[in-house]
Amino acid sequence: MEKSKIELQNISKSYYSEAAVTQALRKVSLTFVHGEFVAITGESGSGKSTLLNIIGGMDSFDEGEMIVNGQPTFQYTEEGWEAYRRNQIGYVFQDYSLIGHYTALDNITGALLIMGKDKEEAQKTAMEYLKKVGLEGYEKHPATELSSGQKQRLSIARALAKNTGIIIADEPTGNLDSETGRQIVELLKELSKESLVLMVTHNYSQAAPYVTRKIRLHEGTIVSDITEN
Ligand code: ADP
């Protein structure tokens, strides 16, 4: 896998409604590289989710350019974005976004089959990543029967198994108790050594011992960007 790199150049984004125009991001320029574990912080409404959603190809941007692994994205068509979401990004959400009645194994193989992997290869890869996140032995459990922490581990395994090199995580510990949340952040830290992990968090103190970089947003602009170690 190539070493991931994301370059944002003067990215701006507004939301329009009948009543108002909200500028969610104002000329944001950032570069992220392989090996980083980045916490994106800031008060509610500062633009964190908008930033992560743009990087994840789930939201569009109005101005600027986003270059992912050397590939400019501004001109992507809807099909281009679909391929981008399928092949370039692994997603971890606060609510896990698992298919509850599927087994742990099938939650991962399902994502891999969509990417065009054959069944045998998908199952082998899925087992490998279940093991990596500490869920060996749970492959036949329906997702609904897992604990909250296990659900989040499963969603991380699914994101990793795509082998995209870029993981985005939106409040991944938001539904977890503090010790389980800490373990999830620790796992993401471990994984960031061989990928690029971007995480939106309300709970910076929980993430602080693990992240390599802290970015703080305020009213759609970057007010601080500190590399920790
Ligand atoms: P954060 O994640 O930091 O809470 P967001 O990125 O969700 O911030 O939101 C940034 C700003 O954009 C806020 O003022 C929010 O109200 C606005 N916003 C976000 N999403 C939408 C949307 N779909 N429609 C209109 N306004 C939005």
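Quick notes on this one:
- Residue, farthest from the ligand (Cβ to nearest atom), within region 48-59, restricted to residues that are open to solvent by 10 Å² or more (accessible area, probe 1.4 Å) and part of a loop (DSSP other than H, G, I, E, B): M58
- Per-region count, region 208-224, residues surrounded by 13 or more Cβ atoms within 10 Å (Cβ to Cβ), within 16 Å of the ligand (Cβ to nearest atom) and either under 15 Å from the mean Cα position of the chain (by Cα) or of a type outside the set (A, V, I, L, M) (or both): 6
- Exactly one residue out of L154, L176, L160 is at negative phi, modelled with pLDDT under 95 and in a helix (DSSP H, G or I): that is L160.
- Once region 189-206 is narrowed to residues that are among the hydrophobic types (A, V, I, L, M, F, W, C) and at pLDDT 95 or above, the residue that is surrounded by the most Cβ atoms within 10 Å (Cβ to Cβ) is V197.
Yes or no, residue by residue, for (1) of a type in the set (G, A, S); (2) open to solvent by 10 Å² or more (accessible area, probe 1.4 Å); (3) away from the ligand (no atom under 12 Å from the Cβ):
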position: K5; (1), (2), (3): no, yes, yes
position: A19; (1), (2), (3): yes, yes, no
position: G42; (1), (2), (3): yes, yes, no
position: M66; (1), (2), (3): no, no, yes
position: N69; (1), (2), (3): no, yes, yes
position: R85; (1), (2), (3): no, yes, yes
position: V92; (1), (2), (3): no, no, yes
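- Taken together, M58, M66, M1 contain a single residue that is at pLDDT below 95 and under 28 Å from S155 (Cα atoms), which is M1.
- Among the residues examined, E36 does not qualify as out of contact with any Phe, Trp or Tyr (no Cβ under 8 Å at 6 or more places or on another chain), open to solvent by 80 Å² or more (accessible area, probe 1.4 Å) and away from the ligand (no atom under 12 Å from the Cβ).
The values are calculated or read from the model by the stated rules, or taken from the named source; none is laboratory data. Treat the numbers as computed from the prediction; the structure is a model and nothing was measured. Neighbour counts are summed over all protein chains in view; Cβ atoms, including those assigned to glycine, are modelled from backbone coordinates with ideal geometry. For the accessible areas, the whole protein counts, side chains as well, though only heavy atoms, and no ligand, DNA or RNA atoms are used. Shrake-Rupley method; radii C 1.70, N 1.55, O 1.52, S 1.80 Å.
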